[in-house]
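S.K.: The structure follows.
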Amino acid sequence: MPLPDARGGHTPALTRLGYGAANVGNLFRELTDDQAWAILDAAWDSGIRYFDTAPHYGLGLSERRLGAFLQTKPRDEFVISTKAGRLLRPNPDDDGGLDLAADFHVRTTLRREWDFSADGIRASLDASLERLGLDRVDILYLHDPERHDLDLALREAFPALEQLRADGALDAVGIGSMTADALAAAVRGADLDLIMIAGRYTLLEQPAADEVLPACHARGTGVVAASVFNSGLLAKDEPSRDDRYEYGRMPEPLWERLQRVVAVCRAHDVPLPAAAVQFALRETAVRSVVVGGSRPEQLRRNGELMALPIPDAMWDDLAAEGLIR
């Protein structure tokens, strides 16, 4: 059921917990088709009905696998988003290697090409629909525009998304990014229904609270919170100092902050991952929390964590410690 939004249109209703399908595009490790299907099956059985993907994820593999799975489900029972901005083209330089520079274990038979033009955005959507095997997606995000040209995105790409929405090709449009400045600029400079904040509004760090969330409230823009486990740091009760943080080693101030968060959760007997997956939904602009997962048991566990009762006193103590807003 679509929800009325501030623009008088309708944004699809999202389940509190969504699945981000980068892992079924062979992120970090290779999965068989059967393994990917089992992950998606576990997500569905856990009550997830919002699925997010992108051409970037495994050079189209994520879209193909997710689409094959969703074709077996009633179309009115799920919401799907994908992304635009990078077109997939044949790679004349393919040497038989893997796309490890982007962390995907897939052959480099294709390459990504930035294209923020109206024709490029339309072509990206058409190609995604072909890979998915679906006749429409509900939401289209512009993917990481700051990595190419944010000004160009504001001039060309976002108006192209808005036109697709006006034409009825999409229910909602937005931006997906892990950069708070880009998210804030997009909310202020375009007519967006949703934004996907990746890793910038989590239990551990909330830079999006400074400008992004106030802009969303002012414009009536909804939020999807992704990467809420901060590269897996918050996915276990006892993080390790050697755990990976985004693309490298965790900065010392962040590690010290994490230890304080862990201590508060432990004092209230709340698993750290439960606090991490539920934190963003305390913000009224947040419509859904999107998590990844490369094993079925991870999806089942995330569903349980989302349902776990958490006392208000824990959130109060985190706020009193200056750890959350």
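S.K.: Pairs please, first residue from the range 302-316 and free of Cβ contacts under 8 Å to residues at least 60 places away in the same chain, second anywhere and of a type in the set (S, T, N, Q), Cβ atoms under 7 Å, 6+ apart in sequence or on different chains.
M.R.: I310/Q278
S.K.: Please go through the range 207-234 and pick out each residue that is part of a loop (DSSP other than H, G, I, E, B), open to solvent by less than 10 Å² (accessible area, probe 1.4 Å) and more than 21 Å from T11 (Cβ to Cβ). Lay out the reasoning, then the answer.
M.R.: Within the range 207-234, the first condition is being part of a loop (DSSP other than H, G, I, E, B), and the residues that meet it are 210-211, 220-221, 227-232.
The next check asks that each one be open to solvent by less than 10 Å² (accessible area, probe 1.4 Å); those that pass are 221, 228, 230.
Within the range 207-234, N230 is the sole residue that qualifies.
S.K.: Right, next: Given the structure, is L110 surrounded by fewer than 16 Cβ atoms within 10 Å (Cβ to Cβ) and touching a Lys or Arg at 6+ places or on another chain (Cβ under 7 Å)? Talk me through it step by step, then tell me what you get.
M.R.: Details: surrounded by fewer than 16 Cβ atoms within 10 Å (Cβ to Cβ): no; touching a Lys or Arg at 6+ places or on another chain (Cβ under 7 Å): yes.
So L110 does not fit the description; no.
S.K.: Mind checking which residues of the range 244-261 are part of a loop (DSSP other than H, G, I, E, B), open to solvent by 30 Å² or more (accessible area, probe 1.4 Å) and under 24 Å from Q298 (Cα atoms)?
M.R.: Our first condition is that a residue be part of a loop (DSSP other than H, G, I, E, B); within the range 244-261, this holds for 246-247, 250-251.
Now restrict to residues that are open to solvent by 30 Å² or more (accessible area, probe 1.4 Å): 246-247, 251.
Across the range 244-261, the qualifying residues are E246, Y247.
S.K.: Then there's this: In the range 52-102, how many residues are in a helix (DSSP H, G or I), loosely packed, with under 11 Cβ neighbours inside 10 Å and in contact with a strand residue (DSSP E or B) (Cβ under 8 Å, 6 or more places away or on another chain)?
M.R.: At the first step, the residues of the range 52-102 found to be in a helix (DSSP H, G or I) are 61-70, 75-77, 100-102.
Then keep just the ones that are loosely packed, with under 11 Cβ neighbours inside 10 Å; that gives 76-77, 101.
Then drop every residue that is not in contact with a strand residue (DSSP E or B) (Cβ under 8 Å, 6 or more places away or on another chain), which leaves none.
Qualifying residue count, the range 52-102: 0.
S.K.: Do any strands (runs of 3 or more DSSP E) entirely within the range 105-180 hold 1 or more residues that are in contact with a helix residue (DSSP H, G or I) (Cβ under 7 Å, 6 or more places away or on another chain), in contact (Cβ under 8 Å) with a residue 24 or more places away in the chain and under 25 Å from F78 (Cβ atoms), and if so, which?
M.R.: On the way: elements: 110-114, 139-143, 172-177.
Answer list for the range 105-180: 139-143, 172-177.
S.K.: Within the range 171-178, does at least one residue satisfy the condition of being among the hydrophobic types (A, V, I, L, M, F, W, C), out of contact with any strand residue (DSSP E or B) (no Cβ under 9 Å at 6 or more places or on another chain), over 19 Å from R86 (Cβ atoms) and open to solvent by less than 10 Å² (accessible area, probe 1.4 Å)? Talk me through it step by step, then tell me what you get.
M.R.: Looking only at the range 171-178, we keep the residues that are among the hydrophobic types (A, V, I, L, M, F, W, C), and these are 172-173, 175, 178.
Cutting the leftovers down to out of contact with any strand residue (DSSP E or B) (no Cβ under 9 Å at 6 or more places or on another chain) gives us none.
Within the range 171-178 (the criterion being among the hydrophobic types (A, V, I, L, M, F, W, C), out of contact with any strand residue (DSSP E or B) (no Cβ under 9 Å at 6 or more places or on another chain), over 19 Å from R86 (Cβ atoms) and open to solvent by less than 10 Å² (accessible area, probe 1.4 Å)), the answer is no, since none of the residues qualifies.
S.K.: May I ask you to list the residues in the range 269-321 that are part of a loop (DSSP other than H, G, I, E, B) and crowded, with 17+ Cβ neighbours inside 10 Å? Can you show your working first?
M.R.: Residues of the range 269-321 part of a loop (DSSP other than H, G, I, E, B): 269-271, 283-285, 292-295, 308-311, 321.
Matches in the range 269-321: V270, P271, E283, A285, G292, G293, S294, I310.
S.K.: Kindly indicate whether S46 is touching a residue at least 24 places away in the same chain (Cβ under 8 Å), of a type in the set (S, T, N, Q) and in contact with a Lys or Arg (Cβ under 6 Å, 6 or more places away or on another chain). Can you show your working first?
M.R.: Values: touching a residue at least 24 places away in the same chain (Cβ under 8 Å): yes; of a type in the set (S, T, N, Q): yes; in contact with a Lys or Arg (Cβ under 6 Å, 6 or more places away or on another chain): yes.
When the stated conditions are applied, S46 passes them.
The values are calculated or read from the model by the stated rules, or taken from the named source; none is laboratory data. Values in this document were obtained by computation on a predicted structure and should not be read as measured data. As a convention, Cβ positions derive from the backbone with ideal geometry for all residues, glycine included, and neighbour counts pool all protein chains shown. Heads up: the accessible areas ignore ligands, DNA and RNA and are worked out on the full protein's heavy atoms, side chains in. Shrake-Rupley method; radii C 1.70, N 1.55, O 1.52, S 1.80 Å.
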